[in-house]
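What follows is one structure encoded as structure tokens, with my remarks underneath.
The values are calculated or read from the model by the stated rules, or taken from the named source; none is laboratory data. A quick note: this is a predicted structure, and the numbers were derived from the prediction, not measured. Every residue, glycine among them, receives a Cβ derived from its backbone with ideal geometry; neighbour counts consider all protein chains shown. With ligands, DNA and RNA removed, areas are computed over all heavy atoms of the protein, side chains included. Shrake-Rupley method; radii C 1.70, N 1.55, O 1.52, S 1.80 Å.
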Amino acid sequence: MDLFAVPDLPEIREGDDLAALIRDRVDLRPDDVVCVASTVVSKAEGRAFDLAEFPASPRAREIAAHLSDISGDEKDPRFAQAVLEESTELLMDAPFLLTETRFGHIGVNAGIDRSNVPDDDLLLLPKRPSESAERIRAELPADRVIVTDTCGRPFRHGQRGVAIGWAGMSPARDWRGEADRDGRELGVTVENVVDELAAAANLVAGEGDGGNPVVVVRDFEWGDHAESDAHFRDVEGDFVRQALRGWSFDA
Ligand code: GDP
Ligand code: MN
Ligand code: MN
């Protein structure tokens, strides 16, 4: 398997045709997986906003005031408002905002970015990243597209790429029923392939001013494995999330 960045992409602006920009720069093959950083999907879809567009509700002001107290830095209540508007559930309101976005992804600040946004204050995640992936895929000779974001994780320091949307492929390979090297049957292993590919692509894309938001994965083979739709957990089966609901930050 090889990964390479699509060269010479410009600064992306609202209305840009990402698929055409990609097509013009690489000869894609049908079995390529094209990984696109959510940042540029959001820019193309006009998801950049100014803070002034999020007048703060009393709840947002309360949240920001609490966060300001804890951190000692002034937190803008309009930012908290933007996070609330993007979210269906607030899982942690301190010492940072952890929410479920409208499309099922759980992340800090609803994935709202303040870096790599030249003309505005905020860049929201795409509204429905799998639909974005499908729109891009429909205009490419490649059959599979993943929309990625850089995301922190619990239990470990540091961030890595995850898949927030995908098209043309199942998110996971289901190994259950296959055998390990001793012939013992695998009982629980469902391998989330889109996150694994997103992490590898994110490694090539980098985080700063490198200008490499699109990475092609070439010669990745699914192999002879069953497919699984498993990606975002449902609340009922998510015990960590349930535990968070009963927890509160004690500064
Ligand atoms: P995220 O991981 O989706 O939040 O995106 P990042 O802000 O980390 O950016 C990922 C990569 O895309 C980095 O190499 C950035 O330099 C690059 N990047 C971000 N925006 C643009 C853009 O508008 N044009 C180009 N060419 N590169 C960009
Ligand atoms: Mn991001
Ligand atoms: Mn990133």
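General remarks:
- The apolar share of the surface of the chain, taken as the fraction of accessible area on carbon and sulfur atoms (1.4 Å probe, ligands and nucleic acids excluded), comes to 46 percent.
- In Hz, Karplus ³J(HN,Hα) per residue of region 3-20 (6.51, -1.76, 1.60; θ = phi - 60°; x = Gly, Pro): 10, 8, 7, 6, x, 6, 6, x, 5, 8, 10, 3, x, 4, 8, 4, 4, 5
- Label zone at Glu227 (point 7 Å along Cα-to-Cβ), backbone N below 16 Å, region 186-217: 191-195
- Compared with the alpha-carbon gap, the fully stretched path from Asp219 to Val108 is longer by 36.6 nm at 0.36 nm per residue.
- Applying the criteria of a DSSP loop state and at most 16 other Cβ atoms within 10 Å to the chymotrypsin sites (Phe, Trp or Tyr not before Pro) of region 197-251 yields Trp222, Phe232, Trp247, Phe249.
- Average Cα contact separation per residue, region 48-124, under 8 Å, 6 or more apart, as relative contact order %: 29
- In this simple spin-label model, placing a label point 7 Å from the Cα along the Cα-to-Cβ direction at both Arg59 and Arg29 gives a separation of 5.0 nm.
- If the chain linking Glu134 and Leu91 were pulled fully straight, counting 0.36 nm for each residue of separation and taking away their Cα-Cα distance, it would gain 12.5 nm.
- When you count the other C-beta atoms within 10 angstrom of each residue and take the mean per peptide, 63-69, 147-153 line up highest first as 147-153, 63-69.
- Average accessible surface area per residue within the chain, 1.4 Å rolling probe, Å²: 54
- Under the criterion of Cα pairs below 8 Å and six or more residues apart, the relative contact order for region 135-233 equals 27 percent.
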